[in-house]
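A.B. asks: Quick one: the structure is below, questions incoming.
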Amino acid sequence: MYSYSTHQGYTRYASLASRTVFITGGASGIGASLVEAFAVQDAAVAFVDIDQQAADTLCAELVAKGLKRPWFALCDVSDIEALRASIVAAQQALGDITVLINNAANDQRYDVRTLTEQQWLDGLAINLHPAFFAAQTVHAMMIAQGGGSILNISSINTQFGPPNLASYITAKAGMLGITKALATDFGNDNIRVNSILPGWVATPKQLEKWLTPEQEQEWMKRVCLKKRLGAHDVAKMALFLASDDAAMITSQQFVVDGGRA
């Protein structure tokens, strides 16, 4: 079982206590570490995912560690109306959302020579479109609370373009565009919008499907820090950017990859 242990030593940010946080794709991988990290801050955490079993397991693990059980709803984020409804339901349960993390993604590989129109559109429907509409939905909530923080999880693949990820890379590049646009449009409302670009994070999914020992050996040759990148490393950046310590940081891109050359 993959452990989302609080031994990772998350810095405590007083400004995050009791803040309502909504995370998409929070049941596993980076999302699960985000859920844990904000739960450690005593934030009111809500998340959605399509994997009920993984969500139940995560919630049970966090409760066993003495943390408050997160609010969870089963939701396919590509269904925008269902996503909107989940955000409103979380607001009704926990209060106005002032931290939104657009994390849900699917990095399915496709040969570009045979990639179909539907596969292309499905990639955008999961990896790009929900970020905008989730931000649009929480906008009024954040205004009501005097501001907020939106974090869009992009990818360093937008900088290096590895093979067979055309739709995914395009969507993740679009996340950077959404960040810039919303930082401008929401700035007068004291809403900050930033992007985090993780490197090759060693989640259970990546280890099972793509991050072979040989691939990891090649990755280590290309990074400055010769250590395996964990989901908690991304969560630590998210905590800072969501906190009041980052009150004057917006419209920026933050790479967490161990120094990929």
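Quick note: the coordinates plus some simple rules give every number you see, no bench work behind them. Note that the coordinates shown come from a computational prediction; the quantities given were computed from them, not determined experimentally. With ideal geometry, Cβ positions are generated from the backbone for all residues, glycine too; neighbour counts draw on all protein chains shown.
A.B. asks: Name the aspartates and glutamates eligible as straight-distance cross-link partners of residue 226: C-alpha to C-alpha under 15 Å, and not fewer than 8 places from it in the same chain.
C.D. replies: The reachable aspartates and glutamates, counting only those whose Cα sits under 15 Å from residue 226, are 214, 216, 218, 257.
A.B. asks: In whole angstrom, and with the biggest value first, how far do the Cα coordinates of the chain range along each principal axis?
C.D. replies: So the three principal-axis extents are 47, 39, 36 Å.
A.B. asks: Divide, for the stretch 1-128, the radius of gyration over alpha carbons by 2.2 N^0.38 Å, where N is the residue count.
C.D. replies: In units of the 2.2 N^0.38 Å rule of thumb, it is 1.13.
A.B. asks: Could you work out the helix-only [θ] at 222 nm for the chain, with each DSSP H run of four or more residues adding -39,500 (n - 2.57) and the total divided by the number of residues, to the nearest 500 deg cm²/dmol? It would help to have the intermediate numbers written out before the result.
C.D. replies: Details: 10 runs with 120 residues, N = 261.
Taking each H run of at least 4 residues, the total per residue is -14500 deg cm²/dmol.
A.B. asks: Right, next: Once you charge only the Cβ atoms, +1 for Lys and Arg and -1 for Asp and Glu, what is the size of the charge dipole of the chain about its Cα centre, to the nearest 20 debye? Please report the intermediate quantities before stating the final value.
C.D. replies: Details: 20 positive and 24 negative charges, 147 e Å.
I would put it at about 700 debye.
A.B. asks: How far, in nm, would the chain grow between residue 144 and residue 63 when pulled straight, counting 0.36 nm per residue and subtracting the alpha carbon separation?
C.D. replies: On the way: separation 81, 0.36 × 81 = 29.16 nm, distance 3.06 nm.
Gain on stretching residue 144 to residue 63: 26.1 nm.
A.B. asks: Restricting to the chain, what percent of DSSP beta bridges are antiparallel, rounded to 5? Working shown, then result.
C.D. replies: Details: 1 of 27 bridges.
Of those bridges, close to 5 percent are antiparallel.
A.B. asks: Please go through the stretch 170-259 and write out the trypsin sites (Lys or Arg not before Pro) that DSSP classes as loop and that have at most 13 other C-beta atoms within 10 Å.
C.D. replies: Working: sites: 172, 180, 192, 205, 209, 221, 222, 226, 227, 228, 236; in loops: 226, 227, 228.
The qualifying sites are 226, 227.
A.B. asks: Round to the nearest 0.05 the FRET efficiency obtained for residue 261 and residue 96 when R0 = 51 Å and r is the Cβ-Cβ distance. Walk me through the intermediate numbers first.
C.D. replies: Working: r = 42 Å, r/R0 = 0.83.
Efficiency for this residue pair is about 0.75.
A.B. asks: Over all directions, how big on average is the projection of the convex hull of the alpha-carbon atoms in the stretch 118-261, in square nanometres?
C.D. replies: Values: hull surface 37.1 nm².
Computing the convex hull of the Cα atoms and averaging its projections yields 9.3 nm².
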